[in-house]
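Remarks on the structure that follows.
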Amino acid sequence: DFPGFQRTEAPRPPGGKDLHAYPWDKSSLKSMPVDLQQFEKLDAYALKVNIKNSVEELVKALLKQARTDLEKVRAIWMWICHHIEYDVVGYHNKSQLSCKPIDVLQTGKSICEGYAGLFEHMCSIAGIHCMKLSGYSKGYGYKMGQTFTGDSDHAWNAVYLDGRWHLLDSTWGSGSVDDSFTKFTFRYNEFYFLTHPALFINNHFPDNSNWQLLKPTLTLKNFESNMLHNSNFYMLGLLTAHPETSVIQTVNGKASVSVDCRSATLFTFKLKGTDEHGLMTLKKHGMKLEIYPQKTGSHKLQIFAKPSKASEEVYNCVLEYVVECKSVDKAMRFPKDLHQPVGPSWFTERQGFLRPSHPDPIIHTNDGRCSITFTLGKDISVFASLHCDNSSLTEDMGRRHIMQIHRGNQIELKIHLPHAGNFVLKIYAKKKSDPGNYDYIFNYLITCLNTEVKWPAFPQSYSKWAEEYEILEPLSGLLPANRNVQFKLKMHGIAKVLVQAENAYPLTQNRGYWEGTCNTSGCTEVFVMVHENANHSFYSHVLKYEVETQ
């Protein structure tokens with residue numbers, strides 16, 4: 001040891017004050033308070049140190065900028081994580097491999113044993129107590145639900161700081177290997193530095209259970225059946241996932257998963273590589289997912305997440321389950337057009353859709369009609385369309401089965417379904433001041449089992465039909481032939497209104513409504529026309545109705 005390095009108090013085996021409560025108390029990802037911003041200078045310095053010939057010289061250089069024990073450990077950690085790569089060739093041919101600290105330093109590569117050995121050696125030179133630990137890990141090659149037998153397969157370290165033992169894993173802090181185990185990629189991972197023991201146990205099971213640093217300690221059986229949360233899960237601020245075991249059995253063809261998190265997070269999922277067979281809803285603090293596999297057997301379910309603030313960032317896989325499906329619920333086959341997540345959420349609120357009348361993702365209607373209302377944020381123009389699988393519903397007709405009604409900052413979407421079935425209501429929006437296209441915001445699933453249902457489309461409206469106008473009757477775009485039909489329309493700022501059938505029928509104004517009757521005999525179409533101004537000689541078409549053929 002160098003003169004001038006003071007040995008701290010002799011460490012003791014782990015116990016008493018080293019132990020953390022299990023399960024995780026959701027307080028912190030670390031086992032001691034760490035301010036990463038205060039490490040920025042030290043980290044940058046440690047990365048630049050380039051000494052490969054002597055471990056002692058390397059440590060001496062690293063410690064130039066480190067005062068406290070924590071800073072010393074941090075400098076050693078940063079250097080190893082950014083300079084030692086995982087030796088994928090050596091892993092397959094261990095007889096040729098030396099894990100001696102000097103060999104690891106000079107070749108710049110090793111396996112976990114070498115990382116942990118170099119870490120321990122560098123700490124001892126720096127006067128820090130450090131232990132090399134071994135045990136089972138859920139790392140490369142781990143299969144969900146597998147059991148562990150035989151020798152340990154991984155090594156990591158415990159360090160003694162501020163009178164307590166703490167855990168870290170520099171192998172996993174440095175990066176990752178690809179699926180075929182032929183290529184290592186440096187990708188620094190902060191998660192494995194002084195990880196909270198109740199989180200570390202998620203994928204590290206030490207040979208000596210005292211080194212779990214937990215009370216109560218977990219059994220190997222607990223470790224095997226517990227859900228594997230990878231570091232992305234915690235780094236994204238996710239807290240818990242249910243169920244807590246990695247294999248889920250469906251009940252009556254359905255499986256449910258939920259995630260709790262600290263702040264607004266976006267999620268997606270894949271069941272056997274597609275998101276068709278589920279219904280995911282975003283919650284203020286997490287998400288809820290219901291899965292309805294359409295085939296029996298075992299299916300891989302993956303859940304991905306990204307922070308809501310991330311603009312382009314990719315979704316990271318945060319959870320994997322196996323869903324075992326015994327029976328299929330055919331009624332829960334969702335339309336192709338359904339987009340995840342479904343229903344309103346904090347996300348749609350941010351886009352200006354407030355106080356939804358229907359907070360749930362599925363709207364059931366018995367008579368084929370429903371009405372959805374929102375309070376709209378400022379300056380928002382809405383566009384909605386209706387979609388259904390194997391239906392003759394064209395895109396244009398799909399829009400005609402929805403009517404928008406505006407009252408102040410409230411919008412109502414009236415929907416009349418053309419037939420029974422599962423429909424997707426897609427809602428788009430843009431700023432009124434934007435000339436551009438509408439952006440997709442969210443969708444609902446509307447279901448109707450009543451096979452008697454057969455609503456005609458609403459009348460067709462033209463560009464002169466203003467947003468705040470409203471049709472009270474007739475709502476049906478298909479009028480009966482040879483009948484007197486009552487009209488009642490709410491329009492303001494208009495001089496005259498005519499209903500043009502075989503003959504022209506003027507409507508009269510009465511307390512803000514235009515009312516009157518028109519006879520449909522002898523025509524196939526009926527138009528509503530307006531004089532916007534008493535001095536105009538021409539009428540503008542605002543609505544068009546079809547008349548039933550004889």
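Quick look at the values:
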| read-out | value |
| --- | --- |
| Subset of the range 220-233 that is open to solvent by less than 40 Å² (accessible area, probe 1.4 Å) and assigned to a loop (DSSP other than H, G, I, E, B) - its residue that is farthest from LYS143 (Cα to Cα) | HIS229 |
| Condition met for ARG400 (out of contact with any Lys or Arg (no Cβ under 9 Å at 6 or more places or on another chain) and open to solvent by 70 Å² or more (accessible area, probe 1.4 Å)) | no |
| Those residues of the range 464-487 which are part of a loop (DSSP other than H, G, I, E, B) and open to solvent by 30 Å² or more (accessible area, probe 1.4 Å), in sequence order | LYS464, TRP465, GLU467, GLU468, LEU475, SER476, PRO480, ASN482, ARG483 |
| Listing of strands (runs of 3 or more DSSP E) fully contained in the range 234-324 that carry 1 or more residues being without any contact (Cβ under 8 Å) to a residue 24 or more places away in the chain | 238-242 |
| Members of the range 336-345 that are within 27 Å of ASN390 (Cβ to Cβ), of a type outside the set (Gly, Ala, Ser) and surrounded by 19 or more Cβ atoms within 10 Å (Cβ to Cβ) | LEU338, GLN340, PRO341, VAL342 |
| Condition check for PRO197: more than 31 Å from the chain's Cα centre (by Cα) and open to solvent by less than 10 Å² (accessible area, probe 1.4 Å) | no |
| Matching option when the condition is farther than 21 Å from THR520 by Cβ, under 34 Å from the mean Cα position of the chain (by Cα) and modelled with pLDDT of 95 or more, among THR447, THR451, THR394 | THR447 |
| Some residue of the range 269-292 being open to solvent by 10 Å² or more (accessible area, probe 1.4 Å), modelled with pLDDT under 95 and in contact with a Cys (Cβ under 8 Å, 6 or more places away or on another chain) | yes |
| Strands (runs of 3 or more DSSP E) enclosed by the range 147-202 - at least 1 residues per element that are of a type in the set (D, E, K, R) | 164-168 |
| Residue in the range 88-111 that is farthest from TYR140 (Cα to Cα), counting only those that are in contact with a strand residue (DSSP E or B) (Cβ under 8 Å, 6 or more places away or on another chain) and buried (at least 22 other Cβ atoms within 10 Å of the Cβ) | VAL104 |
| Members of the range 420-434 found to be closer than 17 Å to ARG333 by Cα and open to solvent by less than 10 Å² (accessible area, probe 1.4 Å), listed by number | PHE423, VAL424, LEU425 |
| Matching residues in the range 38-68 - criterion: being open to solvent by less than 40 Å² (accessible area, probe 1.4 Å) and not hydrophobic (A, V, I, L, M, F, W, C) | ASP43, SER54 |
| Residue within the range 62-72 that is touching a residue at least 60 places away in the same chain (Cβ under 8 Å), touching a Pro at 6+ places or on another chain (Cβ under 9 Å), assigned to a helix (DSSP H, G or I) and over 21 Å from THR182 (Cα atoms) present | no |
| In the range 309-332, the residues that are open to solvent by less than 30 Å² (accessible area, probe 1.4 Å) and over 23 Å from the mean Cα position of the chain (by Cα) | CYS325 |
| VAL528 vs. criteria open to solvent by less than 50 Å² (accessible area, probe 1.4 Å) and touching a His at 6+ places or on another chain (Cβ under 8 Å) | yes |
| Residues satisfying the stated conditions in the range 489-513, i.e. of a type outside the set (A, V, I, L, M) and touching a Pro at 6+ places or on another chain (Cβ under 9 Å) | LYS496 |
| Residue match in the range 403-419 (condition: out of contact with any Gly (no Cβ under 9 Å at 6 or more places or on another chain), touching a residue at least 60 places away in the same chain (Cβ under 8 Å) and either more than 30 Å from ARG350 (Cβ to Cβ) or open to solvent by 80 Å² or more (accessible area, probe 1.4 Å) (or both)) | yes |
| Filter result for the condition that a residue is in the same structural domain as ASP396 (by the TED database), surrounded by fewer than 16 Cβ atoms within 10 Å (Cβ to Cβ) and closer than 30 Å to HIS387 by Cα, over ASN443, ASN437 | ASN437 |
| Check on PHE205, of a type in the set (A, V, I, L, M, F, W, C) and either under 20 Å from CYS123 (Cα atoms) or within 29 Å of the chain's Cα centre (by Cα) (or both) | no |
| Unique residue being in contact (Cβ under 8 Å) with a residue 12 or more places away in the chain and either closer than 25 Å to GLY368 by Cα or open to solvent by 30 Å² or more (accessible area, probe 1.4 Å) (or both) when the list is THR517, THR508 | THR517 |
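The values are calculated or read from the model by the stated rules, or taken from the named source; none is laboratory data. Keep in mind the model is a prediction, meaning the values are calculated, not measured. Here Cβ is always computed from backbone atoms with ideal geometry, including for glycine, and neighbour counts include all displayed protein chains. Calculation scope for accessible area: heavy atoms of the full protein, side chains included, ligands and nucleic acids excluded. Shrake-Rupley method; radii C 1.70, N 1.55, O 1.52, S 1.80 Å.
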